[in-house]
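The values are calculated or read from the model by the stated rules, or taken from the named source; none is laboratory data. Just so you know, these numbers come straight off a predicted model, no measurement behind them. As a convention, Cβ positions derive from the backbone with ideal geometry for all residues, glycine included, and neighbour counts pool all protein chains shown. When the accessible area is computed, the model is the full protein with side chains, heavy atoms only, and any ligands, DNA or RNA have been set aside. Shrake-Rupley method; radii C 1.70, N 1.55, O 1.52, S 1.80 Å.
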Amino acid sequence: ILNVEQSPQSLHVQEGDSTNFTCSFPSSNFYALHWYRWETAKSPEALFVMTLNGDEKKKGRISATLNTKEGYSYLYIKGSQPEDSATYLCASGAGSYQLTFGKGTKLSVIP
Amino acid sequence: DVKVTQSSRYLVKRTGEKVFLECVQDMDHENMFWYRQDPGLGLRLIYFSYDVKMKEKGDIPEGYSVSREKKERFSLILESASTNQTSMYLCASSFFAEPLYEQYFGPGTRLTVT
């Protein structure tokens, strides 16, 4: 079983602040890295799936980078809004069918 | 839009009861997954299925079984519910099982076993 770690566990930011969090994963046998956003009372939804070292993906104010050699990914949110409040999950796949999920980073954006 | 639905949002059952959690997806996905999510832990895979009538154990299959008689439906069965199975259960589906493909999740069933 892979060990996928996310930090911080939670954070509170003011509306308008930019923020970032980290996902670390074993770099051996790496296949893909997923980011999901899980809002309270809703379904987790995929933000990004990344596979290549150096990958950068962007969706609106949210972007992510991937370093497969050192085994980490960053998720950035620019100009946080209250609607960004959610738990952000990362998950790593290492060549099997399974994704291994981290425990998530819970973001609260204070208006 | 892919839609994954789960039969109940909240469920309360007694210890020893047989519990069925149903999941249906409407996008003709080959693969379906059952996870549980507990405080302080990441999503953990219970079982997945890559085809009708096919199933594979995940990381924590003990105490659970699954059924996939039709492509769109994947059921999780707790043969004899126990209090340590109190949890949030999430179903997901994907077009292919390989980790290249994003998973689409249902809204979850919060199961309480008393």
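The condition (being among the small types (Gly, Ala, Ser) and at pLDDT 95 or above) is satisfied by just one residue among A:GLY16, A:GLY95: A:GLY16. Applying a threshold of 7 Å to beta carbon distances and a minimum spacing of six or more residues, or different chains, the list of pairs starting in the range B:103-114 at a residue that is among the charged types (D, E, K, R) and ending at one that is surrounded by fewer than 22 Cβ atoms within 10 Å (Cβ to Cβ) and in a strand (DSSP E or B) reads B:ARG110/B:TYR10; B:ARG110/B:MET88. For the range B:68-86, name all the residues that are open to solvent by less than 50 Å² (accessible area, probe 1.4 Å) and touching a Gly at 6+ places or on another chain (Cβ under 8 Å). The answer is B:LEU78, B:ALA81, B:SER82, B:GLN85. Looking only at the range B:77-104, residues that are within 15 Å of A:PRO44 (Cβ to Cβ) and not aromatic (Phe, Trp, Tyr) come to 8 in all.
Within the range A:74-89, if we keep just the residues that are among the polar types (S, T, N, Q) and more than 14 Å from chain B (Cβ to nearest Cβ), the residue that is nearest to A:HIS34 (Cα to Cα) turns out to be A:SER85. For the range B:87-102, filtering for residues that are open to solvent by less than 20 Å² (accessible area, probe 1.4 Å), touching a residue at least 24 places away in the same chain (Cβ under 8 Å) and of a type outside the set (Ser, Thr, Tyr) leaves 4. Scanning the range A:62-89 for residues that are more than 12 Å from the chain's Cα centre (by Cα), open to solvent by less than 30 Å² (accessible area, probe 1.4 Å), in contact (Cβ under 8 Å) with a residue 40 or more places away in the chain and under 25 Å from B:ARG44 (Cα atoms) gives A:THR68, A:GLY71. Can you spot a residue in the range B:6-22 that is within 11 Å of chain A (Cβ to nearest Cβ), within 17 Å of A:ALA46 (Cα to Cα) and not small (Gly, Ala, Ser)? Checked the range B:6-22: no residue is within 11 Å of chain A (Cβ to nearest Cβ), within 17 Å of A:ALA46 (Cα to Cα) and not small (Gly, Ala, Ser).
If you filter the range A:27-44 down to residues that are closer than 17 Å to B:GLY42 by Cβ and within 15 Å of the chain's Cα centre (by Cα), you find that the one that is surrounded by the most Cβ atoms within 10 Å (Cβ to Cβ) is A:PRO44. B:ARG44 fulfils the conditions (1) in contact with a Leu (Cβ under 8 Å, 6 or more places away or on another chain); (2) under 12 Å from B:MET88 (Cα atoms) except for a single criterion, (1).
Selection of the range A:90-102 for residues being buried (at least 20 other Cβ atoms within 10 Å of the Cβ) and within 7 Å of chain B (Cβ to nearest Cβ) yields A:GLY93, A:GLN98, A:LEU99, A:PHE101, A:GLY102. Please tell me if A:LYS59 is within 16 Å of the chain's Cα centre (by Cα), exposed (fewer than 13 other Cβ atoms within 10 Å of the Cβ), within 24 Å of B:GLY106 (Cα to Cα) and not hydroxyl-bearing (Ser, Thr, Tyr). Considered against the rule, which asks whether it is within 16 Å of the chain's Cα centre (by Cα), exposed (fewer than 13 other Cβ atoms within 10 Å of the Cβ), within 24 Å of B:GLY106 (Cα to Cα) and not hydroxyl-bearing (Ser, Thr, Tyr), A:LYS59 comes out as yes. Scanning the range B:57-67 for residues that are within 11 Å of chain A (Cβ to nearest Cβ) and open to solvent by less than 70 Å² (accessible area, probe 1.4 Å) gives B:GLY58, B:ASP59, B:ILE60. Residues in the range A:14-26 that are open to solvent by 20 Å² or more (accessible area, probe 1.4 Å) and farther than 20 Å from A:THR100 by Cα: A:GLN14, A:GLU15, A:GLY16, A:ASP17, A:SER18, A:ASN20. For the range B:36-56, filtered to residues that are more than 8 Å from chain A (Cβ to nearest Cβ) and of a type in the set (Ser, Thr, Tyr), the residue that is least open to solvent (accessible area, probe 1.4 Å) is B:SER49.
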